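The values are calculated or read from the model by the stated rules, or taken from the named source; none is laboratory data. Quick caveat: nothing in here was measured; it's all calculated off a predicted structure. Using ideal geometry, Cβ is built from the backbone for each residue, glycine included, and neighbour counts are taken over all protein chains shown. SASA here: full protein model, heavy atoms, side chains in, ligands and nucleic acids out. Shrake-Rupley method; radii C 1.70, N 1.55, O 1.52, S 1.80 Å.
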Amino acid sequence: MKVLVTGGAGYIGSITAKALEEAGHTPVILDSLLTGPQVFVRDRIFYEGDIADRDLLAQVVADHPDLDATIHMAARIVVPESVEQPYLYYKDNVAKSLELFDQLDKLGKPRVLFSSSASLYATTPDFEVREGDPLEPNSPYARTKRMMEEVLQDMAAATDLRGIVLRYFNPIGSDPDLESGIYAKEPSHVLGQLVMAARGQKDSFTITGTDHPTRDGTGIRDYIHVWDLARAHVRAVEKFDEVIDATGESSVVINIGTGSGVTVRELVAAFERVSGATVPLSEAPPRPGDAVGAFANVDRSHALLDWQTELSLDEAIASALAWGEKRQEILGYE
Ligand SMILES: NC(=O)c1ccc[n+]([C@@H]2O[C@H](COP(=O)([O-])OP(=O)(O)OC[C@H]3O[C@@H](n4cnc5c(N)ncnc54)[C@H](O)[C@@H]3O)[C@@H](O)[C@H]2O)c1
């Protein structure tokens, strides 16, 4: 199959492109390089440009009339930036996706997979969330994701478009050959912070929020190896029509996680086990907007995609650490 991957120069997009290739498919990358590094495109078919550029999309489809599906990952993704600059987020994530979806419909390319996020869910008493559970997106970024889910659902109901919305939980790690990974210069995510504390680049790792109603008081997440996440896209593309037929819906939401919740303290313990380092810890109150968290109910992904995670938390952490050692060689910066 041939698959258009918007945002294919990014972290998850480049690794998904690789998983598609390994499964015998051909990715076609569309990315503006707004944030994604060109080096992650490697030697793949590549169009540099914007998802809202209708002429460019028409060109892509003219060049590749055999495109079977689109995986739409291109987005702005930084939550605090979305609070400071909501216009940019609503314009780039919502308005531009709207143009993309309409143009894909007009060009006769109806199969769309959309990257959504577990950050949409409201907190549930046991932290496990199912696709039908209430949503309570608590940042402009998360609200752009909810809006686009609704846009895709409405457009799929009214047009030939068909949608599979994948709600990702918390991807970590790299691909098996360490070709792509987190590329932010100062990673703000939890693993990046752990590495910095373990290396003495910061005094300690701060656990923000220790009074949550979880088993040890700290926040809970569902960390998924990014390679497992990439493989889920391959399954979703391959089984696209089957999934739509099986549900009888024109658009379908599927959680993509491991099904296990891991608290911050458990993550620190796993990190110390895998890295052999001791992480100096400090504690602080939750930051504004910090969510207790959630983990995925994975019944639907198992049933509809016949997919489940294969890699463990320890393997994901080891992969992230290995990428941390390798990335300067690829990116040209630490
Ligand atoms: N990383 C996570 O933890 C996470 C979790 C849930 C969902 N997601 C979603 O997954 C997708 C990929 O995330 P990522 O972590 O790989 O992010 P990323 O920033 O690495 O990738 C996004 C890519 O989109 C490109 N892009 C942005 N706006 C564009 C535009 N208008 N036209 C063309 N290209 C554009 C960027 O250059 C970048 O290469 C995003 O939609 C994100 O919201 C990510």
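Using a Gaussian network model of the chain in which every pair of alpha carbons under 10 angstrom is joined by a spring, one finds that among Gln153, Gln201, Gln103 the greatest mean-square fluctuation is at Gln201. Count Lys and Arg as plus one, Asp and Glu as minus one, and take only other residues whose Cβ is under 13 Å from that of Phe205; the net charge is then 0. Rounded to the nearest 20, the size of the Cβ-charge dipole of the chain about its Cα centre is 440 debye, with Lys and Arg at +1 and Asp and Glu at -1. Less than 5 angstrom separates the built amide H of Ala122 from those of Leu135, Glu136, all sequence-distant by 5 or more or on a different chain. Note that region 175-192 has calculated 3J(HN,Hα) couplings of 7, x, 9, 6, 9, 9, x, 5, 10, 4, 5, 10, x, 9, 6, 4, 5, x Hz, one per residue in order, obtained from phi through the Karplus relation 6.51 cos²θ - 1.76 cosθ + 1.60 (θ = phi - 60°); glycine and proline are x. For the chain, relative contact order (Cα pairs under 8 Å, six or more residues apart, normalised by length) works out to 19 percent. Label sites at His189 and Leu107, each approximated as a point 7 angstrom past Cα along Cα to Cβ, lie 2.8 nm apart. To the nearest 10 degrees, how steeply does helix 313-331 sit against the main Cα axis of the chain, on a 0 to 90 scale? Long axis of 313-331 versus the principal axis of the chain: about 70 degrees.
Rolling a 1.4 angstrom probe over the chain with all protein chains present gives an accessible area of which 48% lies on carbon and sulfur atoms. In this structure Tyr47 has an accessible area near 40 Å², from a 1.4 Å probe over the protein heavy atoms. Of the peptides 217-230, 263-276, the ranking by mean beta-carbon count within 10 Å, highest at the top, reads 217-230, 263-276.
When the Cα positions of Phe114, Pro125, Val190 are compared along the charge dipole of the chain, Val190 comes out farthest toward the positive end, with charges on each C-beta of Lys, Arg, Asp and Glu.
Taking θ as phi - 60° and the Karplus parameters 6.51, -1.76 and 1.60, the scalar couplings of region 154-171 work out to 5, 5, 5, 5, 9, 10, 6, 4, 10, x, 10, 9, 9, 8, 6, 8, 10, x Hz in sequence order, x denoting glycine and proline.
Stretching the chain fully between Asp63 and Glu21 yields a gain of 13.2 nm (0.36 nm per residue, less the alpha carbon separation).
Axis of helix 226-238 versus longest Cα principal axis of the chain: the two differ by about 20°, to the nearest ten degrees. With a cut-off of 15 Å on the backbone N, the residues of region 297-314 near the modelled label site 7 Å out from Asp245 along Cα-Cβ are 304-305. Expressed to the nearest 5 percent, the antiparallel share of DSSP beta bridges inside region 5-146 is 10 percent.
A crude spin-label estimate for the pair Thr159 and Gln85, with each label 7 Å from Cα along the Cβ direction, gives 2.8 nm.
Counting only DSSP beta bridges whose two residues both lie in the chain, roughly 5 percent are antiparallel. In the chain, helices alone account for a calculated mean residue ellipticity at 222 nm of -11000 deg cm²/dmol, with every DSSP H run of four or more residues adding -39,500 (n - 2.57). Once backbone amide H atoms are built at 1.01 Å from N, Gly219 has Val264 as its partners under 5 Å, excluding neighbours fewer than 5 places away on the same chain. With 24 Å as the limit on Cα-Cα distance, the pairs of Lys2/Lys106; Lys18/Lys326; Lys91/Lys145; Lys239/Lys326; Lys109/Lys145; Lys2/Lys326 that go past it are Lys239/Lys326; Lys2/Lys326.
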